[in-house]
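Asks: Got a structure for you, questions after.
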Amino acid sequence: MSTVLTPRIPGDKSISHRALIVGAISEGLSTVEGLLFAEDPKSTLGCLRAMGCEAEWKGSLLHIQGHGLRGFHQPTQMLDAGNSGTTIRLLSGVLAGQRFPTVISGDESLRQRPMMRIVRPLVEMGASISASDGRPPLTIQPSPDLRSITYELPIPSAQVKSAVLLAGLYAEGTTRIIEIIRTRDHTERILGLSTKLIDGTHVTAIQGGTIRHGQRFVIPGDISSAVFFVAAALLTPGAEVILRNIGINPTRMRGIDILRSVGAAIDIQPEAEHAGEPIGTIVAQYSSLAGEIRLGRSDVIGMIDEIPIVAALAAAVGISFEVRGAAELRVKESDRISAMVDNLRALGVDVEEYDDGFAFGAGKRLQGGLVRSRGDHRIAMAFGVMDLTIKRLEIDDPNCVDISFPGFWKELEQFSRLHDP
Ligand code: S3P
């Protein structure tokens, strides 16, 4: 007999940011149900409010009064994107099309993150943007007539794609994005854009000046948060986890496929679709994992945020793990390659570090110790789950989980109790 656990999974972070931004640039009232009310989307909401966007809570629904593409006013201060790369990069696309200049920055971690990836295409469209050595703060001088461009993504990044697509709403004509490998497509879905496969590439077009009307957004649970409890169930003898209303967008499911490939019992039942996003129930059970995990560039894109937990799980159960083609991990909320390597080594794992990844062999040899999360929510949560089996880890900054998953530790306690009745 298994014990069924149903941890509460918060709303999808990527879709929450997009619902807030799209609601704010639409005409009329939008409502958002299931918004992730965590630090990152709060940063987006704070920036939008600083430009006059009216948003108020009515019960569990956020009401956003949109005033169209250029309904904002100039903020009186620098916009603060906090820890959120999605906030600064997506909003830059919108700011490039306003009638007033803005400065946008964020916390210490965000001020280390590369911004030329969005500055280059937005400048090509006609905006003037200055960055501090390629990093925030960004000073954005918009152009009254942005040009449409055709832009082939030099790095696979949904944030870059989305910045250009949003700027494309303000440009004359049709802006096109070309992707060799498809990144998460939430912006396309929320804006109702279609993507065509042309000569093996994915081409998405957006028409400048399209007026959008207020709508109801329903945000599904975040697969990137759900996966921590899928992993917790896989590690907990006798546990079964049922996670309802989770976003199961195919561009985000590679982590689940990889876990299945090493024997994880995970079942997904598709149930509904809201604003173009598929939603379903995920059921996972304690499983004895075997085999090895080898991730290459094409895997990484579909599970970029899941790599820390998949690696932590592999180390906890003692299966060999390798990820290559993942240099992007170095420029996330922390350098996630170095954060994983240093912490795993401190726990006794013999890890090889590469410029674009890391690897370790099979075998269990874990000891307790201090985990330095580097203020990175996904590093803290990955080792938190790992501690279900080690039980002797101390996470230096547990509160950093509030970036994407307030309440994470409380939900995890249910699993700890099954390990330590
Ligand atoms: C996101 C895209 C990804 C992801 C991030 C959220 C988004 O970043 O890591 O957590 O909402 O578009 P990149 O676009 O930099 O890969």
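Asks: Just checking: which of the strands (runs of 3 or more DSSP E) contained wholly in the stretch 189-247 hold 1 or more residues that are in contact (Cβ under 8 Å) with a residue 40 or more places away in the chain and of a type in the set (Phe, Trp, Tyr)?
Replies: Because the criterion is at least 1 residues that are in contact (Cβ under 8 Å) with a residue 40 or more places away in the chain and of a type in the set (Phe, Trp, Tyr), the strands (runs of 3 or more DSSP E) in the stretch 189-247 that meet it are 216-218.
Asks: Where the second residue is within 11 Å of the ligand (Cβ to nearest atom) and open to solvent by 10 Å² or more (accessible area, probe 1.4 Å) and the first is free of Cβ contacts under 8 Å to residues at least 60 places away in the same chain and lies in the stretch 151-175, which pairs have Cβ atoms under 8 Å and are six or more apart or on separate chains?
Replies: Correct list of pairs: PRO154/ARG117; LYS161/LEU153.
Asks: Among the numbered criteria (1) under 15 Å from the mean Cα position of the chain (by Cα); (2) crowded, with 22+ Cβ neighbours inside 10 Å; (3) under 21 Å from GLU39 (Cα atoms), which single criterion is violated by MET303?
Replies: Going through the list (1) under 15 Å from the mean Cα position of the chain (by Cα); (2) crowded, with 22+ Cβ neighbours inside 10 Å; (3) under 21 Å from GLU39 (Cα atoms), MET303 breaks only (3).
Asks: Does THR195 count as touching a helix residue (DSSP H, G or I) at 6+ places or on another chain (Cβ under 8 Å), open to solvent by less than 10 Å² (accessible area, probe 1.4 Å), away from the ligand (no atom under 12 Å from the Cβ) and more than 23 Å from ASP80 (Cβ to Cβ)?
Replies: No; evaluated as a whole, the condition is false for this residue.
Asks: Right, something else. Any idea how many residues of the stretch 361-389 are open to solvent by less than 10 Å² (accessible area, probe 1.4 Å) and touching a residue at least 24 places away in the same chain (Cβ under 8 Å)? Give the steps one after another, and end with the answer.
Replies: Pass one, the stretch 361-389, residues open to solvent by less than 10 Å² (accessible area, probe 1.4 Å): 371, 373, 376-386, 388.
Checking which are touching a residue at least 24 places away in the same chain (Cβ under 8 Å) leaves us with 371, 373, 376-379, 381-386, 388.
Residues flagged as open to solvent by less than 10 Å² (accessible area, probe 1.4 Å) and touching a residue at least 24 places away in the same chain (Cβ under 8 Å) within the stretch 361-389 amount to 13.
Asks: Okay, next question. Taking the criterion of being modelled with pLDDT under 95 and open to solvent by 10 Å² or more (accessible area, probe 1.4 Å), would at least one residue in the stretch 306-320 satisfy it?
Replies: Looking for residues that are modelled with pLDDT under 95 and open to solvent by 10 Å² or more (accessible area, probe 1.4 Å), one finds none in the stretch 306-320, hence no.
Matching residues to (1) assigned by TED's automatic domain parsing to the domain that holds VAL323; (2) closer than 18 Å to PRO121 by Cβ:
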position: THR175; (1), (2): no, yes
position: ILE211; (1), (2): no, no
position: SER224; (1), (2): yes, no
position: ALA231; (1), (2): yes, no
position: ILE256; (1), (2): yes, no
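Asks: Considering each residue of the stretch 97-108, count those that are open to solvent by 30 Å² or more (accessible area, probe 1.4 Å) and within 16 Å of the ligand (Cβ to nearest atom), and give that number.
Replies: Looking only at that region, the number is 1.
Asks: Yes or no: VAL94 open to solvent by 20 Å² or more (accessible area, probe 1.4 Å), under 28 Å from ASP376 (Cβ atoms), β-branched (Val, Ile, Thr) and assigned by TED's automatic domain parsing to the domain that holds PRO121?
Replies: Numbers: open to solvent by 20 Å² or more (accessible area, probe 1.4 Å): no; under 28 Å from ASP376 (Cβ atoms): yes; β-branched (Val, Ile, Thr): yes; assigned by TED's automatic domain parsing to the domain that holds PRO121: yes.
Here the answer is no, as VAL94 does not meet what is asked.
Asks: Go through the stretch 157-180 residue by residue and tally those that are under 17 Å from ARG117 (Cα atoms), open to solvent by 20 Å² or more (accessible area, probe 1.4 Å) and either in a loop (DSSP other than H, G, I, E, B) or within 11 Å of the ligand (Cβ to nearest atom) (or both).
Replies: So the answer is 2.
Asks: OK, next. Could you tell me which numbered condition VAL218 fails, if it satisfies all but one of (1) open to solvent by 40 Å² or more (accessible area, probe 1.4 Å); (2) touching a Gly at 6+ places or on another chain (Cβ under 7 Å); (3) more than 13 Å from the ligand (Cβ to nearest atom); (4) not acidic (Asp, Glu)?
Replies: Result: VAL218 fails condition (1) only.
Asks: Report, by residue number, each residue of the stretch 75-91 that is over 24 Å from GLY208 (Cα atoms) and either in contact with a His (Cβ under 8 Å, 6 or more places away or on another chain) or within 16 Å of the ligand (Cβ to nearest atom) (or both).
Replies: Residues of the stretch 75-91 over 24 Å from GLY208 (Cα atoms): 75-85.
ALA81, GLY82, ASN83, SER84, GLY85 - these are the residues of the stretch 75-91 that are over 24 Å from GLY208 (Cα atoms) and either in contact with a His (Cβ under 8 Å, 6 or more places away or on another chain) or within 16 Å of the ligand (Cβ to nearest atom) (or both).
Asks: Further question: Can you report the number of residues in the stretch 316-341 which are over 21 Å from ALA362 (Cβ atoms) and either within 11 Å of the ligand (Cβ to nearest atom) or of a type in the set (D, E, K, R) (or both)?
Replies: Going through the stretch 316-341, the residues over 21 Å from ALA362 (Cβ atoms) turn out to be 325, 327-336, 338-339.
Still in the running and either within 11 Å of the ligand (Cβ to nearest atom) or of a type in the set (D, E, K, R) (or both): 328-333, 335-336.
The number of residues fulfilling the criteria is 8.
Asks: Could you run through the stretch 79-138 and say how many residues are hydrophobic (A, V, I, L, M, F, W, C) and part of a helix (DSSP H, G or I)?
Replies: First, the residues of the stretch 79-138 that are hydrophobic (A, V, I, L, M, F, W, C): 79, 81, 88, 90-91, 94-96, 100, 103-104, 110, 115-116, 118-119, 122-123, 125, 127, 129, 131, 138.
Among the residues that remain, those that are also part of a helix (DSSP H, G or I) are: 88, 90-91, 94-95, 110, 116, 118-119, 122-123.
The qualifying residues number 11.
Asks: Give the residues of the stretch 367-392 that are part of a helix (DSSP H, G or I), small (Gly, Ala, Ser) and under 18 Å from the mean Cα position of the chain (by Cα), sorted by residue number.
Replies: Applying the first criterion (part of a helix (DSSP H, G or I)) to the stretch 367-392 yields 377-390.
Retained after the next criterion (residues that are small (Gly, Ala, Ser)): 380, 382, 384.
Hits for the stretch 367-392 are ALA380, ALA382.
The values are calculated or read from the model by the stated rules, or taken from the named source; none is laboratory data. Predicted model only: the values in this text are computed from it and were never measured. Cβ atoms come from the backbone with ideal geometry, glycine included; neighbour counts cover every protein chain shown. The accessibility values were calculated without ligands, DNA or RNA, using every heavy atom of the protein model including side chains. Shrake-Rupley method; radii C 1.70, N 1.55, O 1.52, S 1.80 Å.
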